[in-house]
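Student: Can you keep this structure in mind? I'll have questions shortly.
The values are calculated or read from the model by the stated rules, or taken from the named source; none is laboratory data. Keep in mind that this is a model prediction, so the values were computed, not measured. Cβ atoms come from the backbone with ideal geometry, glycine included; neighbour counts cover every protein chain shown.
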């Protein structure tokens, strides 16, 4: 399980860097085309929005796996080590259930409906189902990380 965890971390890290690099290049091209060429590209704003969606949702799943997500831990720090372990396992189970119900099942339904309805982005002309697919993918990643965190000592 440890090997899968480390492999997943590296893959997500590289993919997040790749998405961020594309986002930076896209914004640079937008500025260059607007001010030097005098006409902005039609796809750059839409691509930046979609890249930011992917970056935020996948980044949140990654941070969840690192236990670096935003949390208020003042009361948790007051617990004994045994009680803290138990509370962290309960929190992981709740996050797993949230990821399963809301992100995987709900997000999967959203992706399915988007493909069925044939919704496409206006400027790039790609199916919005591909854009929304990051929600169930990130839900599965959160479930993997939750199971890992529950099973580790």
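Student: Of all residues in the range 101-127, how many are surrounded by fewer than 19 Cβ atoms within 10 Å (Cβ to Cβ), part of a helix (DSSP H, G or I) and over 14 Å from the mean Cα position of the chain (by Cα)?
Tutor: 12
Student: Which pairs turn up if I take residues in the range 67-93 that are on the phi < 0 side of the Ramachandran plot and in contact (Cβ under 8 Å) with a residue 40 or more places away in the chain and look for partners that are surrounded by 10 or more Cβ atoms within 10 Å (Cβ to Cβ) and assigned to a helix (DSSP H, G or I) with beta carbon separation below 6 Å, at least 6 apart in sequence or on another chain?
Tutor: Short answer, once both residue conditions are applied: 89/150; 92/146; 92/149; 92/150.
Student: Scanning the range 39-81 for residues that are in a loop (DSSP other than H, G, I, E, B) and within 23 Å of residue 4 (Cα to Cα), which turns out modelled with the lowest pLDDT?
Tutor: The qualifying residue modelled with the lowest pLDDT is 69.
Student: Looking at this structure, is residue 88 surrounded by 15 or more Cβ atoms within 10 Å (Cβ to Cβ) and modelled with pLDDT under 90?
Tutor: Yes: the conditions hold for residue 88.
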